[in-house]
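The values are calculated or read from the model by the stated rules, or taken from the named source; none is laboratory data. Since the model is a prediction, treat every value here as computed from it, not as a measurement. In this analysis, Cβ positions are derived from the backbone assuming ideal geometry, glycine residues included, and neighbour counts consider all displayed protein chains.
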Amino acid sequence: MRHFLEDISIGGFLPGDSLLHRLDPRTKLLGLAAMLCAVFVNSSTAGVLVTAVGIISLVVLSGTGWRVWAFGMGRFGWMLALVPVINLIFNPSGQLLFVNGWELPFTKEGIETSLKFTLQLAEAIMLSMILTFTTTPGQLTRAVQRVASPLKRLKVPVEDVGVVLLLAMRFIPLLQQELRTIIDAQRSRGVEFSRGNFVARSRNLAAVLVPALTGTLRRADTLALAMTARGFQPGQPRSEFRPLRFSGIDYSALACIAAFLIARVFLFS
């Protein structure tokens, strides 16, 4: 179960039949951009809380289990804990706080700013996870290619960029699995990764990095041969088995997101 959560908590797709799963990937990509604007457009307390309510509603609509979210957000716990500390140190504005006659090295305004920025960062992480949980890498790549298609007039290789994006997303779980296999194999041979001083741990780490790099290069070579055998040529247009089409539910979703963004900007700023 833990290995399953590790593979899907970052960049993984969860099959399902929720409302968000049925949306066109372009709708979700545009919705992500709009919701990120709602997250960072203004740092008022009311606006941040309203945005949090909207994102939690999307989490419920995604139909994913709470364990996946708990494990996924837990992997960013160190970041969410470090951000407020850094903000408190570098935000000296306002009056210093006093508790029982003791002067604290931070201010009330600094605490509020740190908490709001940490919540905004958590909201952005959750939005990206919602997108990857409900959209396959192939669909996401096609959405990026369609949305960025006007850049073709500027001679930007949108198709090639989309292929690179797809391959990168496909390789993430494969690399995780290969690293886990190598670590388990080295442990079965008596390698201890959690014992010894820094030098000893660094040497043990080399027993993982070298086979992992070799395996990655081997997979890349196999992939290149497979793409060549299938007639892939960079820059050449390719057909689609299932072309993307907007439906009524997509237009409704875009309208709801636009209404939420307008309300967030003008009513909760």
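Scan region 158-165 and tell me whether some residue there is farther than 22 Å from residue 32 by Cβ and hydrophobic (A, V, I, L, M, F, W, C).
No: zero hits.
Only one of (1) out of contact with any helix residue (DSSP H, G or I) (no Cβ under 9 Å at 6 or more places or on another chain); (2) of a type in the set (D, E, K, R); (3) at pLDDT 85 or above fails for residue 108. Which number is that?
It fails just one condition, (3).
Name the single residue that is nearest to residue 214 (Cα to Cα) among those in region 171-184 being surrounded by 17 or more Cβ atoms within 10 Å (Cβ to Cβ) and in contact with a Gly (Cβ under 7 Å, 6 or more places away or on another chain).
178
Pull up region 116-170, narrow it to residues that are among the aliphatic types (A, V, I, L, M) and within 15 Å of residue 14 (Cβ to Cβ), then point me to the one that is surrounded by the fewest Cβ atoms within 10 Å (Cβ to Cβ).
Among those that are among the aliphatic types (A, V, I, L, M) and within 15 Å of residue 14 (Cβ to Cβ), it is 169.
Checking residue 240 against (1) closer than 26 Å to residue 164 by Cβ; (2) modelled with pLDDT of 80 or more; (3) not aliphatic (A, V, I, L, M): exactly one of these is not met. Which one?
(2)
Test residue 141 against the criterion of being in a helix (DSSP H, G or I), under 27 Å from the mean Cα position of the chain (by Cα) and free of Cβ contacts under 8 Å to residues at least 12 places away in the same chain, and give yes or no.
no
This table checks each residue for (1) of a type outside the set (A, V, I, L, M); (2) at pLDDT below 80.
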| site | (1), (2) |
| --- | --- |
| 144 | no, no |
| 150 | yes, no |
| 166 | no, yes |
| 173 | yes, yes |
| 176 | yes, yes |
| 182 | no, no |
| 189 | yes, yes |
| 194 | yes, yes |
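Within region 222-269, which residues are in contact with a Lys or Arg (Cβ under 9 Å, 6 or more places away or on another chain), aliphatic (A, V, I, L, M) and not in a helix (DSSP H, G or I)?
Result: 244, single match.
Tell me whether region 30-39 contains one or more residues that are farther than 30 Å from residue 111 by Cβ, part of a loop (DSSP other than H, G, I, E, B) and at pLDDT 80 or above.
No, region 30-39 contains no residue that is farther than 30 Å from residue 111 by Cβ, part of a loop (DSSP other than H, G, I, E, B) and at pLDDT 80 or above.
Those residues that are surrounded by 15 or more Cβ atoms within 10 Å (Cβ to Cβ) and in a helix (DSSP H, G or I), I need them from region 62-75; list them, please.
Residues satisfying the conditions are 62, 68, 69, 71, 72, 73.
Taking the conditions exactly as written (modelled with pLDDT of 85 or more and farther than 30 Å from residue 24 by Cβ), does residue 116 satisfy them or not?
In short, yes.
Can you tell me how many residues within region 233-250 are of a type in the set (Phe, Trp, Tyr) and either touching a residue at least 12 places away in the same chain (Cβ under 8 Å) or within 30 Å of residue 44 (Cβ to Cβ) (or both)?
1
Of all residues in region 40-60, how many are of a type outside the set (Val, Ile, Thr), modelled with pLDDT of 90 or more and surrounded by 16 or more Cβ atoms within 10 Å (Cβ to Cβ)?
So the count comes out to 3.
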